[in-house]
Amino acid sequence: MFELLLKHSPWAYRTGELAFASGWPLWLLGALIAAGIALVAWSLYRRSALGAGQRVALGVLQSLLIAVLLIMLWRPVLNVERVRDRENVVAVLVDASASMAYGEGERSRLQEAASVLQAGTLDALAQTFDVRLFAFSERSHPLKSLQDMPAPGPQTRIGDALREVLRTAVSTPLAGVVLVSDGAENGGTLDEQRLAEIAALGVPVHTVGVGPEVIRNDLELDSVSVAQQASPGEVLAAEVSIRHDSKTRTRLRVYDGGRLLAARELDLSADAGVTTHTIELPAGEVGVRDLRFTLDPSDGERNTVNNSRNHVVDVRPGRRSILYVEGEPRWEYKFIRRAAATDGSLRLASVVRATPNRYYRQGIAAAEELSRGFPQTAEELFAYDAVIIGSFEAAALSAAQHQLLRDFVDRRGGGLLLLAGRDGLSDGGWGRAPLAPALPAHLPGEAAATFAPASVKARPTIYGAQSAVTQLDPDPRRNAELWGSLPELADFQPLGNLKPGAVVLLEAIEEGRAHPLLVWQRYGRGSTYLLATASTWRWKMRLPSDDQRHHTFWRQLLHAIAAEAPPRVSLTSERKVYDDERRIVLHAELRNERFEPIRDAVVELKVASDKGSSSVYRMRPSGQEEGRYTAAVEVDEPGLYRVDMTARHGADEIGSAVTHVRRTEGVLEHFGTHQHRALLERIADATGGRYWRLDELDGLADALRYTKAGVVERQALDLWNLPVVFLLLMMLKTGEWLLRLRWRRL
């Protein structure tokens, strides 16, 4: 109907430019139209027998008639660029990855796509273009026909496939690309930079979406977030995200090899989407935890491969070391030490000032440790992963020690926690100390004391409810109940105005008003925390002896402030699990006891698989930051790999480190098997193409004819003789005649 009335393709109107072929000036057209309207108005004005409304109606119809006739005299045309028939190429790029082997009926997505293309789409394209067929998974392959499809591939690399096909535009008049896919890009080949490079080639990519956008009756373990490293005896919190389409119940199990570590029943809400739950796992002894997270399948679930994910955790020897400095013996100090003593992965070395020149030490590893009170050198201080400062005035430290403390957070990457107290926070002068820029709040500067008795309740904020620090129970409702039933705190110290990067984990509720209680922010390589009370010990003293909420909170807070402090010698991989990838990227960081980067080191890797094979590699400086080294390791077979690193500088051995990674095969394509329409639309929008559904390809061939790529010719399509124009003229005159007939004014 569109072309019957308007003669030309809809795509001609979308891409064309309106012009007038007569060459006469447009001002003259406007003047004549205005004169015609004036003449109509004058003639109707003289017809006094007609009412005002009747004259307006007739005036509009007659004016439109004159305007249309004058515009037709100026010969309107549509200037379009259209490809020359039989002189251009269209590439049809069909996704042949394993996800296209899924189907919602008797046929797979690939079979359904091939059937639709062969039902007329390819023939319509062949009338104008030289059609070339390609299949792709990890790379593209030319096809003679759609019957020559290769076996399902292990990965979808849309960016690489498009680049390979578009390279032919250099020597071939490529008018466009038709990408037929479910959009399940999982090869990391289509980031913003890569998409911009593809768009810069100037060839439109029309995307054809295959498969449903929501998979029914399918549970998918979307992601698993858990630490890559841990200390012996530590309890790990794993965040598990599950994609689902309806309300259901499932069971999550976590295995270390063949040994069950943990299990939990999970309720998934009725809202389709992604639901996140937390499950706690014991890190166990020194070694590697080869974890496997699995979901029990739902009734009738067809794809159960995506119910499992792997993760690897390296349990390193040694414990996290935390320095705790107090200016006076107090209850908070005693109970923090008790909480730390229940966690074998923590070592809390503390020093309490007994007299101006005497210190009481606990938890020390050697007789000389902290013998002079607060550490005097970077080597001493940087041996700790975190520092806690209680009721201890800033003036007790020298200028050099203050600089060491700031460098501890900034350069060392350690964590710092300041506690409220009579000589703590602002009352201890820490708001004016060199460390102040690193703190998450502008501590008050008043001369009067701010630490005072107060009855306040601790409550997690919205952000705090998601933090591992405040997780007294994995269930959010139960966690809120446990916090709500804790005894009130007995004191509070205002923190002042928060800085832009500050995050409030706990707030103090006093007479209905909320004040920041536990706040943190990142600074340099490390982070700083402020706790505005010194009476959390009441959570232990005023509850039954078997209530462990106080110990749980402090263990989690101590781990949080110390967990991200890097060791002097470290070896990490970009990921702990490589799905269907052979290239493993490893990074090493080497620093001396002052945490200064070590340059020109000789760093070697030994990579050994659980199948018995091994190889040796040399790491090179990363070129991005001094003291960092990198290597790319090729592994052919799936399995668990142990990577040993040794580093030397001249004749001196710097140290060694170990990490583990797992490589899987044939798994990645079973995740995210729904149609990723948003990605396909983004590709089309960026390149000047369009997104099409598989059942609406009738206009695809016509859309490709009006492209500016390939060999094109410019055409001027007449618009003055369109059937719709003559129909409009007839309707205007008929409308006037009908009105006159009704008014009996013929």
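For the reader, a short list of remarks on this structure follows.
- Of the criteria (1) of a type outside the set (Val, Ile, Thr); (2) in contact with a strand residue (DSSP E or B) (Cβ under 7 Å, 6 or more places away or on another chain); (3) closer than 23 Å to residue 551 by Cβ; (4) touching a residue at least 40 places away in the same chain (Cβ under 8 Å), which one residue 495 fails: (3)
- Pairs, first under 19 Å from residue 410 (Cβ atoms) and open to solvent by 30 Å² or more (accessible area, probe 1.4 Å) in the range 570-596, second hydroxyl-bearing (Ser, Thr, Tyr) and part of a strand (DSSP E or B), C-beta under 9 Å, six or more apart: none
- Test: residue in the range 347-357 that is closer than 30 Å to residue 548 by Cα, of a type in the set (Val, Ile, Thr) and assigned to a loop (DSSP other than H, G, I, E, B): no
- Enumeration of residues in the range 80-106 that are touching a residue at least 60 places away in the same chain (Cβ under 8 Å), within 21 Å of residue 144 (Cα to Cα) and open to solvent by 50 Å² or more (accessible area, probe 1.4 Å): 87
- For the range 621-639, the set of residues classified as outside any strand (DSSP E or B), more than 25 Å from residue 97 (Cβ to Cβ) and open to solvent by less than 20 Å² (accessible area, probe 1.4 Å) consists of 627 only.
- Residues satisfying the stated conditions in the range 162-183, i.e. surrounded by fewer than 24 Cβ atoms within 10 Å (Cβ to Cβ) and in contact with an Asp or Glu (Cβ under 8 Å, 6 or more places away or on another chain): 163, 173
- Inside the range 269-295, residues that are open to solvent by 50 Å² or more (accessible area, probe 1.4 Å) and not hydrophobic (A, V, I, L, M, F, W, C) make up a count of 7.
- Matching residues in the range 107-119 - criterion: being open to solvent by 30 Å² or more (accessible area, probe 1.4 Å) and either touching a helix residue (DSSP H, G or I) at 6+ places or on another chain (Cβ under 7 Å) or of a type outside the set (Asp, Glu) (or both): 107, 110, 111, 115, 116, 118, 119
- Whichever residue in the range 309-346 is in a strand (DSSP E or B) and among the acidic types (Asp, Glu) and, among such residues, is farthest from residue 394 (Cα to Cα): 314
- Scanning the range 306-331 for residues that are surrounded by 22 or more Cβ atoms within 10 Å (Cβ to Cβ) and either among the acidic types (Asp, Glu) or over 32 Å from the mean Cα position of the chain (by Cα) (or both) yields 314, 322, 323, 324, 325, 326.
- If you go through the range 41-62 and keep only what is assigned to a helix (DSSP H, G or I) and open to solvent by 40 Å² or more (accessible area, probe 1.4 Å), you end up with 41, 42, 43, 45, 52, 53, 54, 55, 56, 60.
- Taking the conditions (1) under 22 Å from residue 690 (Cβ atoms); (2) more than 23 Å from the chain's Cα centre (by Cα); (3) open to solvent by 50 Å² or more (accessible area, probe 1.4 Å) in turn, residue 217 satisfies each one other than (1).
Residues checked against (1) of a type outside the set (Asp, Glu); (2) in a loop (DSSP other than H, G, I, E, B); (3) farther than 24 Å from residue 496 by Cα; (4) under 38 Å from the mean Cα position of the chain (by Cα):
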| position | (1), (2), (3), (4) |
| --- | --- |
| 372 | yes, yes, yes, no |
| 383 | yes, yes, yes, yes |
| 395 | yes, no, no, no |
| 417 | yes, no, no, yes |
| 421 | yes, yes, no, no |
| 432 | yes, yes, no, no |
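- Filtered residues of the range 358-405 (kept if charged (D, E, K, R), surrounded by fewer than 21 Cβ atoms within 10 Å (Cβ to Cβ) and touching a strand residue (DSSP E or B) at 6+ places or on another chain (Cβ under 9 Å)): 361, 369, 372
- Strands (runs of 3 or more DSSP E) contained entirely in the range 640-737, each with at least 1 residues that are more than 31 Å from the chain's Cα centre (by Cα) and surrounded by 15 or more Cβ atoms within 10 Å (Cβ to Cβ): 652-664, 712-718
- Qualifying residue in the range 429-451 (condition: in contact (Cβ under 8 Å) with a residue 24 or more places away in the chain, surrounded by 20 or more Cβ atoms within 10 Å (Cβ to Cβ), of a type outside the set (Phe, Trp, Tyr) and under 25 Å from residue 237 (Cα atoms)): no
- For the range 518-541, the set of residues classified as over 30 Å from the mean Cα position of the chain (by Cα) and not in a helix (DSSP H, G or I) consists of 531, 532, 533, 534, 535, 536, 537, listed by residue number.
- Residues in the range 412-432 that are farther than 22 Å from residue 348 by Cα and out of contact with any Leu (no Cβ under 8 Å at 6 or more places or on another chain): 422, 427, 428, 429, 432.
- Cβ-Cβ under 7 Å pairs, at least 6 apart or on other chains, the range 107-121 side within 13 Å of residue 149 (Cβ to Cβ) and of a type in the set (S, T, N, Q), far side assigned to a helix (DSSP H, G or I) and open to solvent by less than 20 Å² (accessible area, probe 1.4 Å): 108/100; 118/146
- Residue 69 in contact with a Lys or Arg (Cβ under 8 Å, 6 or more places away or on another chain), part of a helix (DSSP H, G or I), open to solvent by 20 Å² or more (accessible area, probe 1.4 Å) and touching a residue at least 60 places away in the same chain (Cβ under 8 Å): no
The values are calculated or read from the model by the stated rules, or taken from the named source; none is laboratory data. Quick caveat: nothing in here was measured; it's all calculated off a predicted structure. We place every Cβ from the backbone using ideal geometry, glycine too, and count neighbours over all the protein chains shown. When the accessible area is computed, the model is the full protein with side chains, heavy atoms only, and any ligands, DNA or RNA have been set aside. Shrake-Rupley method; radii C 1.70, N 1.55, O 1.52, S 1.80 Å.
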